[in-house]
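The values are calculated or read from the model by the stated rules, or taken from the named source; none is laboratory data. Keep in mind that this is a model prediction, so the values were computed, not measured. Backbone-built Cβ (ideal geometry, glycine too); neighbour counts: all protein chains shown. Heavy atoms of the whole protein, side chains included, go into the accessibility calculation; ligands, DNA and RNA do not. Shrake-Rupley method; radii C 1.70, N 1.55, O 1.52, S 1.80 Å.
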Amino acid sequence: MSTTSRRAVLGAALAGAAGAAVGLPAIPAHAASWQLKWQPSASSDGLGAFETVEDDRADSHPAGHPHIFATGNNWRFNVHTVDRDTSTDRQRQEVTGLRNGSGSDYLKWNQGQTWRVTYSMYIPSSLKATTTFTHIMQMKQPGSGTSPIVVQSLRRVNGKQTIELKLAIDDILVGRTDLDPLHDTWTDVDFQIKVGNGSAGSVRWILKSGGATVIDASKTGVDTFLADRVRPKWGIYRSLGDASGSLQDTYLLLTNLRGYQQV
């Protein structure tokens, strides 16, 4: 075979190999998954499951102490009409953060990370939606006087009781559904957040009752970061400015709290 012929055969073989390589399926990228980071038990961890406990910070109702405590497999948050926070126009009985073990070992939700919390909540009919704010979950920047980033709230809309999720920074409604069917029963919550500044954040909010999805709402390209980090809060934080006559002694139960990070 001449030199020219050998070159032609080699060139054809290389071209065929290149074509075969192009036709190979691409190697799939690593799929993101949820890694369990926090799995407290009310019966064994008690209030040690949380970074901080805000139980009647103003000591306004000593006879009601403790307002926040573990009972069986549940965490219970009591609020009485006489309770007052340090700002006397509102009431606050809340816990913050995700603590693992003792000391300062708590999880920090930093910018660029994606986190998820799941849990079940029992909202009695005595815990009503109000015309002003009644928050039962918040995402905030830690520190005194910081503004909320995300709020899960019980709000009256045109006289109707609803539960909603809002992005507080830009007052964006993520989703809203009727509260009445969720009273006096257990509701499963699945909340996911990508911590991002400006338009780099996202949230997803899912409520299920009796195994059926009540709402599945999400927002992308939103602001979910102020400074430092994001820290979740649970409990009852409500204004005394309600105009619907809905304020009464009440409580909230939480159980099966889980925290996950996307990796």
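Screening the candidates Val203, Val157, Val150, Val195 for the property of being buried (at least 19 other Cβ atoms within 10 Å of the Cβ) and within 25 Å of Leu240 (Cα to Cα) yields one hit, Val150. Go through the residues of the stretch 228-239 one by one and say whether even a single one is of a type in the set (A, V, I, L, M, F, W, C) and surrounded by fewer than 19 Cβ atoms within 10 Å (Cβ to Cβ). Checked against the condition, which is being of a type in the set (A, V, I, L, M, F, W, C) and surrounded by fewer than 19 Cβ atoms within 10 Å (Cβ to Cβ), the stretch 228-239 yields no hits at all. The C-beta contact set for the stretch 57-74 (first residue under 18 Å from Ser87 (Cβ atoms), second residue surrounded by fewer than 12 Cβ atoms within 10 Å (Cβ to Cβ), distance under 8 angstrom, 6+ apart or interchain) comprises Ala58/Thr88; Ser60/Val82; His61/Val82. Restricting the stretch 161-177 to residues that are open to solvent by 20 Å² or more (accessible area, probe 1.4 Å), within 15 Å of Trp205 (Cβ to Cβ) and not β-branched (Val, Ile, Thr) leaves a set whose member that is nearest to the chain's Cα centre (by Cα) is Lys166.
May I ask you to verify whether Asp188 is touching a Lys or Arg at 6+ places or on another chain (Cβ under 8 Å), open to solvent by 30 Å² or more (accessible area, probe 1.4 Å), free of Cβ contacts under 8 Å to residues at least 60 places away in the same chain and within 24 Å of Val263 (Cα to Cα)? Here the answer is no, as Asp188 does not meet what is asked.
Among the residues of the stretch 217-259, those that are in contact (Cβ under 8 Å) with a residue 40 or more places away in the chain, farther than 21 Å from Leu127 by Cα and of a type outside the set (A, V, I, L, M) comprise Ser218, Lys219, Asp223, Thr224, Phe225, Asp228, Arg229, Arg231, Arg258, Gly259. Taking first residues from the stretch 94-117 that are more than 15 Å from Gln39 (Cα to Cα) and charged (D, E, K, R) and partners that are part of a strand (DSSP E or B) and at pLDDT 95 or above, the Cβ contacts under 7 Å between residues at least 6 apart in sequence or on separate chains come to Glu94/Glu54; Glu94/Lys233; Glu94/Trp234; Glu94/Gly235; Glu94/Tyr237.
Would you confirm, using the coordinates I've provided, whether Phe69 is within 20 Å of Ile123 (Cβ to Cβ) and open to solvent by less than 40 Å² (accessible area, probe 1.4 Å)?
Answer is no for this residue.
Conditions (1) open to solvent by less than 40 Å² (accessible area, probe 1.4 Å); (2) under 30 Å from His65 (Cβ atoms); (3) at pLDDT 95 or above, marked per residue:
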{"residue": "His183", "(1), (2), (3)": "yes, yes, yes"}
{"residue": "Ser209", "(1), (2), (3)": "yes, no, yes"}
{"residue": "Gly221", "(1), (2), (3)": "no, no, yes"}
{"residue": "Gly245", "(1), (2), (3)": "no, yes, yes"}
{"residue": "Thr255", "(1), (2), (3)": "yes, yes, yes"}
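Does Ser120 satisfy the criteria of being polar (S, T, N, Q) and within 30 Å of Leu36 (Cα to Cα)? For Ser120, the condition - polar (S, T, N, Q) and within 30 Å of Leu36 (Cα to Cα) - is met. Kindly check whether there is at least one residue in the stretch 106-123 that is open to solvent by 10 Å² or more (accessible area, probe 1.4 Å), of a type in the set (Ser, Thr, Tyr) and at pLDDT below 95. Within the stretch 106-123 (the criterion being open to solvent by 10 Å² or more (accessible area, probe 1.4 Å), of a type in the set (Ser, Thr, Tyr) and at pLDDT below 95), the answer is yes, since at least one residue qualifies.
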